[in-house]
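This report concerns only the one structure given below.
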Amino acid sequence: MSEKMKTYKAHPMSFVFMLLSVIAIAITVLVFIMIVGYILVRGIPHLSPRLFEWEYNSENVSMLPSIITTFEMVLISMIIAAPIGVFCAIYLVEYAKRGNKAVKLIRLTTETLSGIPSIIYGLFGNMFFVFALHWGRSVLAGACTLAIMVLPLIIRSTEEALKSVDDSYREASFGLGAGKLRTIFVIILPSAMSGILSGIILAIGRIVGETAALVFTSGTVAKVGGLFSSQSTLAVHMYTLSSEGIYMDEAAATAVVLMVAVLLLNALATWVAKKFSKGDK
């Protein structure tokens, strides 16, 4: 009798929990395969070159303007959110005293923001950026709303990455005469870079797939324009097509492109984390 069978015989509940874990994993994998398979089977036959033409009109519901807008939205949002999130996490881990009430308040605020539904962010962005600041429904209003939305994710992931760096790194750097700032940027940040980049790329994935917040802030117009023009991202474009009920085939094709983009981002996050982990070793 194998060691595992002896363990399970001595502790029957261990076998029960192992069996439940296997069932849960199987269900998760099955659901993933069903969703991906359905989208691919439903959408791939309707992918055509005309869906990637420059101009969107009633005869050709091209997704190219929305793809370009998606990249614009990601770029602007991350330019705003990434530096703020990383430096906030640096303050919480490296500068703030442990047990500080301000740190507890910031962490409570961050966790609270993480649990707010995206449509609430959309309503806030609509009232503040669109109307109060008179930006109108625009790329800039949508990007600022998304930056606020992904900020808690970047802060928490960066904070955990910085905490994972062993204190011996800091002590060795201080022992060699390096200052606080030099230690952070030369020793700590490179060591925690894999976790930081993983959080940033996951935030990008959330931006790419966001719909509710952008309907209220950036609009649903499929075109390429400036920062203060109303435009739609790929997810909003798919939502608009499906809600009209006329272009369901094109919406399915758009879903394929969107899903592939999100899967590639997740794969990139995993690859970057492994690359930096090997570099640290």
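The values are calculated or read from the model by the stated rules, or taken from the named source; none is laboratory data. Everything numeric in this text was worked out from a predicted model, so none of it was measured. Virtual Cβ from ideal backbone geometry, glycine too; neighbours counted across all protein chains shown. When the accessible area is computed, the model is the full protein with side chains, heavy atoms only, and any ligands, DNA or RNA have been set aside. Shrake-Rupley method; radii C 1.70, N 1.55, O 1.52, S 1.80 Å.
Odds and ends about this structure:
- Listed residue pairs exceeding 24 Å between alpha carbons, taken from K97/K275; K101/K274; K97/K180; K180/K274; K97/K274: K97/K275; K101/K274; K180/K274; K97/K274
- Accessible surface, per residue, of the chain when the full set of protein chains is kept, probe 1.4 Å, Å²: 56 Å²
- Overall shape: prolate for segment 34-181, with the ratio a/c of the largest to smallest alpha carbon gyration tensor axis at 1.5 or above and a/b above b/c.
- Accessible carbon and sulfur surface of segment 69-180 relative to its total accessible area, %, 1.4 Å: 69 percent
- Cα gyration tensor shape of the chain, rounded if a/c is under 1.5, else prolate or oblate by comparing a/b with b/c: oblate
- Selection from T254, I201, L241, by position along the positive dipole direction of segment 150-281 (Cβ): I201
- Taking amide H as placed 1.01 Å from N in the peptide plane, the amide H of E53 sits under 5 Å from that of M63, L64, each at least 5 places away or on another chain.
- Here the dipole of the chain is about 1180 debye; that uses its Cα centre as origin and unit charges on the Cβ of Lys and Arg (positive) and Asp and Glu (negative).
- Rounded to the nearest 20, the Cβ-based charge dipole of segment 1-140 about its Cα centre (Lys and Arg +1, Asp and Glu -1) stands at 880 debye.
- Candidates A147, A203, A192, ranked by Gaussian network fluctuation over the chain, Cα under 10 Å, top entry: A192
- A Gaussian network model of the chain, with springs between Cα atoms under 10 Å, assigns the largest mean-square fluctuation among L92, L19, L265 to L19.
- Two-site FRET efficiency, L105 against Y169, from Cβ-Cβ distance with R₀ of 45 Å, rounded to 0.05: 0.95
- Residue with peak Gaussian network fluctuation, the chain [Cα springs, cutoff 10 Å], from P152, P49, P83: P49
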